[in-house]
1. Sequence-distant or interchain residues sharing an amide H contact under 5 Å with E294, placed H: which?
2. Order 192-199, 264-271 from most to least packed using the mean count of other Cβ atoms within 10 Å.
3. Measure off 7 Å from each Cα along the Cα-to-Cβ vector at A116 and Q210, then give the distance between these two points in nanometres to one decimal.
4. So for the pair F283, A263, with labels modelled 7 Å out along Cα→Cβ, what separation do we get in nm?
5. When the chain is fully extended, how far beyond the present Cα-Cα distance does A31 get from A133, taking 0.36 nm per residue of separation?
6. Contact order normalised by length for the stretch 123-243, with contacts defined as Cα pairs under 8 Å and 6 or more residues apart; what percent is it?
7. Could you list W181, W171, W257 so that the one with the fewest beta carbons within 10 Å of its beta carbon is first and the one with the most is last?
8. Would you please classify the overall shape of the stretch 183-242 from the alpha carbon gyration tensor, given that a ≥ b ≥ c denote the square roots of the eigenvalues, rounded means a/c under 1.5, and beyond that prolate means a/b larger than b/c while oblate covers the rest?
Amino acid sequence: MLLAPIYGWLNRRIPRGLALLLSIGVFALAALLLLVLIGDSLDVLASSLAGYSAQFTQRQAELQATLGAAGQSSIFKALISALNAATLIVVFGFVVGAAADMFKLSVLILFITIFALAEGPQFKVRMVQAYGADHFLPRNTIAAVSLIINYFGLRVLVNLVVAIGTGIMLWLFGIPHAGLWAVMTFFFSFVPYLGAVVALIPPVLLAYAQGGPVLTLTIIVLAIIINSLSENIVAPLVMGKGLSVSPTIVFVSFIFWIFVLGAAGAFLAMPLTVALILFMNSFEETRGLAAIMESSPAEKGEPQNGRTTTSARSV
């Protein structure tokens, strides 16, 4: 989806085969750079776990001494016992496992990307020829694909602001591997609401190990500020106003698409849900349900032959 605009731009200027080759080259180079960055960072991190274990033990002792009697409660002991190097290993194991699962499918993903880029324009032409340009199926399919591509393209800019801001903030406070956490923040921010929180867990644990509760709270507060500014100022400026989905529907769709598609559903939940609403707006029977799923009604034209047009500039 992210390569489609690049391939389209190249295809208008150079031969189709060369444009496809260059687009896939961009994809492969980006994947290689990410693999090197993540691999090197995790290797260094694994060799430092013994040192982090000692730091966690020191922070726990400091917390108990500071809180005095409160530190002797069973609840508090259970809480601080969870903040140790073993917790860090579990968190990083999850990250490595997710990355490994993705790279296991890398060859399949590569071939699907090649065929999708190469035949995408032909599918569009065939669909229009089969049903006619005004039929709801080609019209909404083309609109949905365009919407998803635009969503991810514009979301890249917003996520880039969040990732750069988070990376600089972590680097200024001396949190190890700030570049790795910035990359994680960039990708996890595609997941509505929960993504940025999950990406923040490893650097927060490292902040606790290095500086204790004060540094930890500082990192959390600054991360919230960076995300809030990006989502409430940068995102509306970049993505404009369009079809807006109820937060409750976003969260429910997040769970639903994970159930259907696995981990990929977390990243595709928002655009797929918006595409579903786009199709539902085409039928009188489901138009009311589509309106309920929107947090603010999108701009709609007058129904024509049981159809209505929906603004799909962004989500």
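Since every read-out is calculated from the coordinates, none of them should be taken as a lab result. Predicted model, so just to flag it, every value in this text is computed and none were measured. Every residue, glycine among them, receives a Cβ derived from its backbone with ideal geometry; neighbour counts consider all protein chains shown.
1. Under 5 Å from the amide H of E294: S246.
2. Final packing ranking: 264-271, 192-199.
3. So the label points at A116 and Q210 sit 3.7 nm apart.
4. Going by the 7 Å Cα→Cβ label model, 3.5 nm.
5. The A31-A133 span can extend by a further 33.0 nm.
6. This gives 25 percent for the stretch 123-243.
7. With the sparsest Cβ surroundings first, the list reads W171, W257, W181.
8. Prolate shape, in that a/c is at least 1.5 and a/b is the bigger ratio.
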